[in-house]
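A short reminder: the numbers here are calculations on the coordinates, not readings from a lab. Keep in mind it's a predicted model, so treat the numbers as computed, not measured. Ideal geometry is used to build each Cβ from the backbone, glycine not excepted, and the neighbour counts take in all protein chains shown.
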């Protein structure tokens, strides 16, 4: 083997801090924008931030058109609706996403299809879709997150649910990365506890998965044209992931249970940003691969607290992305422990510095994660969201379709391995 000696790092421009959203007109002008599309969802729109931002940029002489129908947990149909709106109301010279990961991912899809030929499924990752890469440059995308967790403001991926195939998947390319992230913690103050909990578990799994991902040196040396955004764990992604875990150890529970704690909200927003800068380059692996079929096949009668209900004919329930990722994380990190025991131990110590040591070191990180999940009100396993042992085979099939993610795992992952992880996740405590 000729081992890789090069890693890559990419990130959007970043503006962080209370009130940062008020400078968007200036930022868009610097990007040369005169007419922008603002993408958001109905809940965020009702809270007022997108309207406030639209009015502000208009005062700076920029025309703003608002699309406020992004779906929480986007589907191929909801993304196509947004794309059609963009095509009908364009042209635009920049896009602004205001909302959680769903709004930002919707904006990424719109941006892709406003600038490149074809249809949505042409670009969805193979084998679910065509896996086509964009040929043309995209418009500048400014992401303004109103939730803390997805990291979509930093990453090169757009996640969606392909309803007909009962699977969550994505579109991944370096050109999807936003040009700028404007992270204003004030926008997260009204985020409900249930959303904060699910989003926070997404932050933790972003940090943990990138920290325990295959090191970049474990890959065969690539030619320049073969390099991909997710290159494996590397010194820069490790730094961001460790800092994100340290922040979350003190801020996460406080932000869930005391939503008016400005310091906790700010630290959680910073942790989300740091984790996004980490996993947006190193990659994620098994928990995220499992999350896609969990969300896509969720029993129809499950609905989490504090999330909107959709009346769009979907034949499955709603398991938010961060929740879906976390439900198999304890078992997944039990499986990956042997690849890097020292990293798993370090992660557990960062998340719970005062936790009692387990007699079996491989149980330390799973125990810490389960404790956090319990404390913030996440379901106690796949069983609590409606899955049974009889569903394992279908979930395994869905996970194995996520080879782009599984390739980043620090150990080779077989169908049998996934089945064991899922079986251990039916009841976590």
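For this structure, a couple of remarks:
- For the chain: relative contact order, % (alpha-carbon pairs under 8 angstrom, 6 or more apart): 16 percent
- Look at 240, 429 and count the other Cβ atoms within 10 Å of each Cβ; fewest to most, that gives 429, 240.
- Rounded to 5, percent antiparallel among DSSP beta bridges of the range 20-183: 25 percent
- Helical contribution to [θ] at 222 nm, DSSP H n ≥ 4, -39,500 (n - 2.57), averaged over the chain, rounded to 500: -13500 deg cm²/dmol
- For the range 170-232 and the range 245-294, distance of Cα centres in Å: 10 Å
- Applying 1/(1 + (r/R0)^6) with R0 = 45 Å to the Cβ-Cβ distance of residue 360 and residue 390 gives a FRET efficiency near 0.90.
- Comparing 128, 96, 142 in a Gaussian network model of the chain (Cα springs below 10 Å), the most mobile by mean-square fluctuation is 128.
- At the listed q of 0.08, 0.10, 0.18 Å⁻¹, the Debye profile of the range 193-424, built from one uniform point per Cα, gives log10 I(q)/I(0) equal to -0.27, -0.43, -1.40.
- Legend: ranking of residues 7, 274 from fewest to most surrounding C-beta atoms inside 10 Å; resulting order 7, 274.
- Cα-based helix-to-principal-axis angle, 76-89 vs the chain, degrees rounded to 10: 20 degrees
- Nearest-ten-degree value, helix 415-424 long axis tilted from longest Cα axis of the chain: 90 degrees
- Between the range 299-373 and the range 93-129, the Cα center-to-center distance that results, in Å: 28 Å
- Gyration tensor (alpha-carbon) shape descriptor, the range 349-429, a/c threshold 1.5: oblate
- Between the range 404-429 and the range 17-31, the alpha-carbon center distance in angstrom: 42 Å
- Between helix 193-211 and the chain: long-axis angle, C-alpha atoms, 0 to 90°, nearest 10: 70 degrees
- On full extension, the segment bounded by residue 305 and residue 2 gains 104.1 nm, given 0.36 nm per residue less the C-alpha separation.
- Highest GNM mean-square fluctuation among 242, 356, 384, for the chain modelled with Cα contacts below 10 Å: 356.
- Extended-chain gain in nm, criterion 0.36 nm per residue less alpha-carbon gap, residue 225 and residue 164: 18.6 nm
- A simple spin-label model places the labels of residue 261 and residue 174 4.0 nm from each other, with each point 7 Å out along Cα-to-Cβ.
- For the range 73-203, the C-alpha radius of gyration divided by 2.2 N^0.38 Å, with N the number of residues, is 1.02.
- Model label sites at residue 416 and residue 55, defined 7 Å from Cα along the beta-carbon direction, differ in position by 6.3 nm.
- Whether the chain is rounded, prolate or oblate, judged on the alpha carbon gyration tensor where a/c under 1.5 counts as rounded: rounded
- Beta bridges from DSSP with both residues in the chain: antiparallel share about 25 percent, rounded to the nearest 5.
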